[in-house]
Amino acid sequence: MKRSGNETIRVVRTNLWIDPIFDQMLHEAGIQVQVIDVAASPEDWHAALSHAHFYHVSAAKDELPPGLCVTAELLEKCPLLQAVSSSGAGYDTIDVNACAARNISVVNQAGGNANSVAEMALGLLLATARRIVESDRRLIAEDCLSREDLMGHELCGKTLGIVGLGHIGTRFAQLGGALGMRVMAHDPYLGDDEIKARMAQPAPLASLLTQADVISVHCPLSAETRYLFNAETFRAMKPGAIFISTARGGIHHEADLYQALVSGHLSGAGLDVWQTEPPRRDNPLLGLSNVVATFHTAGVSHEGRRNVARMAAQQIQLMAQGKPPLHQVFAPQSIREGKAVTS
């Protein structure tokens, strides 16, 4: 696939792990992929990016050097750039406003790992409610154990409250319903009829907090959701409730969650995301027996990673052909009108 003047289309990505299907699909389409080393010098990064038409960037902010995040400063080094592609559903590493100011498209891979993340949320919930991890640890550490000391709770008949009913939240609603849970959801960007169509009962956040036995967070991190779950929010939750998050660190306030757990107001938490990733080993939440912790691995399954890499390659191919991508965070007028990508 060539650009005007027989110029080859160039995609730049980092050497952070990606399923091989990404490079394979682009190479088969005649698109050149250049890999830059995250440990290289900024001069080397900028030299590669100065010739890039597309930049595929990690969505995980703590695994990417700050200098490779998409900022206004970095974009000044990318005169040919037409689009930025996030490696996941999130796009914390991309300044969308800076891209919009330069008429540069931004795409994410929404839904590509929805099954993986929803399944992990369910795993965290089951492990917390039935005290599976705590049981494993105590069986290893203790000689005598009463089974009743590790008594948990069934999920059937309980109320699941979902905050954010996108691809992942919708899949989790299906899983919760299959367990016999009553499913409620809050999503300010969806109407009541759409929420019902996604197998949940619509509810204002205040009502969801007081009624749900389990709250699972599936919304993006933004100015309006940063520390959405704080001391006040946790106090409003039903006593004995369980808090689950596979969304983004920074949506819940970690110190406030710790206090809600040690006070006994909340019975447990399953956490895949952290303010700093990986969390420091002295993070107080890691010392609680009623916290099940994973390291932002909810979407990191073989299937999820392959789906996301395939989706990213497909979207780059579409944009290179002047066709609208499937999951646009920001689209310039040229992409909306289906015009071919040009320098």
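The values are calculated or read from the model by the stated rules, or taken from the named source; none is laboratory data. For clarity, every value in this text was computed on a predicted model and none was experimentally measured. Note that we place each Cβ from the backbone using ideal geometry, even for glycine, and neighbour counts take in every protein chain shown. Just so you know, the surface numbers come from the protein's heavy atoms only, side chains and all, with ligands and any DNA or RNA stripped out. Shrake-Rupley method; radii C 1.70, N 1.55, O 1.52, S 1.80 Å.
For this structure, a couple of remarks:
- Top-ranked residue in region 268-310 [being among the polar types (S, T, N, Q) and over 22 Å from the mean Cα position of the chain (by Cα); ranked as surrounded by the fewest Cβ atoms within 10 Å (Cβ to Cβ)]: 289
- Counting only helices (runs of 4 or more DSSP H) that fall entirely inside region 1-108 and contain at least 2 residues that are open to solvent by less than 10 Å² (accessible area, probe 1.4 Å) and at pLDDT 95 or above, the qualifying elements are 21-28, 42-49, 72-75.
- Residues that are more than 18 Å from residue 164 (Cα to Cα), out of contact with any Asp or Glu (no Cβ under 8 Å at 6 or more places or on another chain) and charged (D, E, K, R) are absent from region 257-276 altogether.
- Of the residues examined, residue 264 is one that is modelled with pLDDT of 95 or more, among the small types (Gly, Ala, Ser), over 22 Å from residue 86 (Cβ atoms) and part of a loop (DSSP other than H, G, I, E, B).
- Checked against the criteria, residue 250 counts as in a loop (DSSP other than H, G, I, E, B) and open to solvent by less than 10 Å² (accessible area, probe 1.4 Å).
- Residue that is farthest from residue 230 (Cα to Cα), among those in region 288-317 that are modelled with pLDDT of 95 or more and out of contact with any helix residue (DSSP H, G or I) (no Cβ under 8 Å at 6 or more places or on another chain): 315
- Residue within region 124-132 that is modelled with pLDDT of 95 or more, polar (S, T, N, Q) and over 17 Å from residue 247 (Cα atoms) present: yes
- Failed item in (1) free of Cβ contacts under 8 Å to residues at least 60 places away in the same chain; (2) touching a Lys or Arg at 6+ places or on another chain (Cβ under 6 Å), with residue 53 passing the rest: (1)
- Boolean, residue 265 is at negative phi, buried (at least 17 other Cβ atoms within 10 Å of the Cβ) and not β-branched (Val, Ile, Thr): no
- Number of residues in region 228-245 that are assigned to a loop (DSSP other than H, G, I, E, B) and closer than 24 Å to residue 167 by Cβ: the value is 1.
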